[in-house]
1. Here are the criteria: (1) open to solvent by 40 Å² or more (accessible area, probe 1.4 Å); (2) touching a Ser or Thr at 6+ places or on another chain (Cβ under 9 Å); (3) farther than 23 Å from K171 by Cα. Tell me which single one G41 does not satisfy.
2. Hey, does region 145-156 have a residue that's touching a residue at least 40 places away in the same chain (Cβ under 8 Å) and open to solvent by 40 Å² or more (accessible area, probe 1.4 Å)?
3. G197 - would you say it is more than 14 Å from the ligand (Cβ to nearest atom), touching a residue at least 60 places away in the same chain (Cβ under 8 Å) and touching a Ser or Thr at 6+ places or on another chain (Cβ under 9 Å)?
4. Looking at T183, T167, T123, which is the one that is β-branched (V, I, T) and in a loop (DSSP other than H, G, I, E, B)?
5. Confirm whether D104 is open to solvent by 50 Å² or more (accessible area, probe 1.4 Å), at pLDDT 95 or above and within 15 Å of the ligand (Cβ to nearest atom).
6. Please go through region 162-175 and pick out each residue that is touching a helix residue (DSSP H, G or I) at 6+ places or on another chain (Cβ under 8 Å) and hydroxyl-bearing (S, T, Y).
7. Of the residues in region 23-38, how many are closer than 17 Å to M138 by Cα and open to solvent by less than 10 Å² (accessible area, probe 1.4 Å)?
8. Would you be able to say whether some residue in region 198-213 is charged (D, E, K, R), surrounded by fewer than 22 Cβ atoms within 10 Å (Cβ to Cβ) and closer than 19 Å to N142 by Cα?
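The values are calculated or read from the model by the stated rules, or taken from the named source; none is laboratory data. Because the structure is predicted, anything quoted here is derived from the model rather than measured. Every residue, glycine as well, gets a Cβ built from its backbone with ideal geometry; the counts of neighbours run over all protein chains shown. What goes into the accessible areas is simple: the full protein's heavy atoms, side chains included, and nothing from ligands, DNA or RNA. Shrake-Rupley method; radii C 1.70, N 1.55, O 1.52, S 1.80 Å.
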Amino acid sequence: MANTIGVIGAGTMGSGIAQVAALAGYTVILYDIEQSAIDRGMQTIYNNLSKGVEKNKLTGHDAEKAKRNISTTLDLMRMKSATTVIEAVIERLDIKQGLFQRLDEILSHESIIATNTSSLSITALGATTKRPDRVIGMHFFNPAHIMKLVEIIKGKETSHTTISRITSLAKEFGKKPVLASDTPGFIVNRVARPFYGEALRLLGEGVASVEEIDRIVKKSGGFKMGPFELMDLIGIDVNLSVSRSVYEQYFHEARYRPHPIQQQMVDGNLLGRKTGKGFYEY
Ligand SMILES: NC(=O)c1ccc[n+]([C@@H]2O[C@H](COP(=O)([O-])OP(=O)(O)OC[C@H]3O[C@@H](n4cnc5c(N)ncnc54)[C@H](O)[C@@H]3O)[C@@H](O)[C@H]2O)c1
């Protein structure tokens, strides 16, 4: 009971977070509304663990133990035993708020609800519960089992005890936590907006191609990935939701405006790696 972590959403981020928590020795309950998402998420975890063993980053024993630590469910009531829940569902305030209200009723009084949101207000999520002091941002980066940075975001009512518990948890996960303020996009997603936005504008104006922009940014700029490769990794749908959310929250400030190319790609189900085709083919 004391060591149970609930993860809500078994997609790109939720599955990665479940893997990290299980490897750190926690009992993990992974929840989604779709059995197919759970199956895909578990397959990704199994593949990642196997790769970890092949590369000698993990022992076979650690990988097996991590697998045993994770159980899955379509029943939110199972979160009852979790002391910390980490939410990683789609980037929509209304959906997350509805979920937080239900979790607030299900979870024990002391339990913390953390969110992996990329851009939404922690304060607005906390306000839909009777425990705003125990609601916090815990923002992992993609791929969650590799990237070390975790932004810890304090909402207006988040208590110091909650910050300290989640900071310690991030360290136990082997991550590097950094405290950020509750502003749209926090630190990294704010800095990243022009990275994607200007690349999309260059493409839209016909200044350079996807491949050229990525190549120049990587070769001459020293970035590990180009903006288009990164959007394909994140998911064009997820990236558009975050772009929209930051734009809305800054009252339509022009520099954050999403680009029609993003919408067109979402309309065409060209979501990047997860659908096999985005700016590149996989
Ligand atoms: N993709 C990234 O690079 C990235 C990085 C950091 C943070 N995030 C954030 O993490 C969150 C999840 O993003 P993702 O890329 O994993 O998305 P995803 O689309 O890969 O997965 C979302 C999952 O949530 C499930 N879901 C939807 N509504 C639900 C509900 N009401 N209850 C339970 N499950 C529900 C879906 O079935 C799906 O499996 C978002 O808030 C996003 O902004 C994403």
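1. (1)
2. yes
3. In short, yes.
4. Answer to the selection: T183.
5. no
6. Within region 162-175, just T162 meets the criteria.
7. Residues that pass the stated criteria total 2.
8. Scanning region 198-213, I find no residue that is charged (D, E, K, R), surrounded by fewer than 22 Cβ atoms within 10 Å (Cβ to Cβ) and closer than 19 Å to N142 by Cα, so the answer is no.
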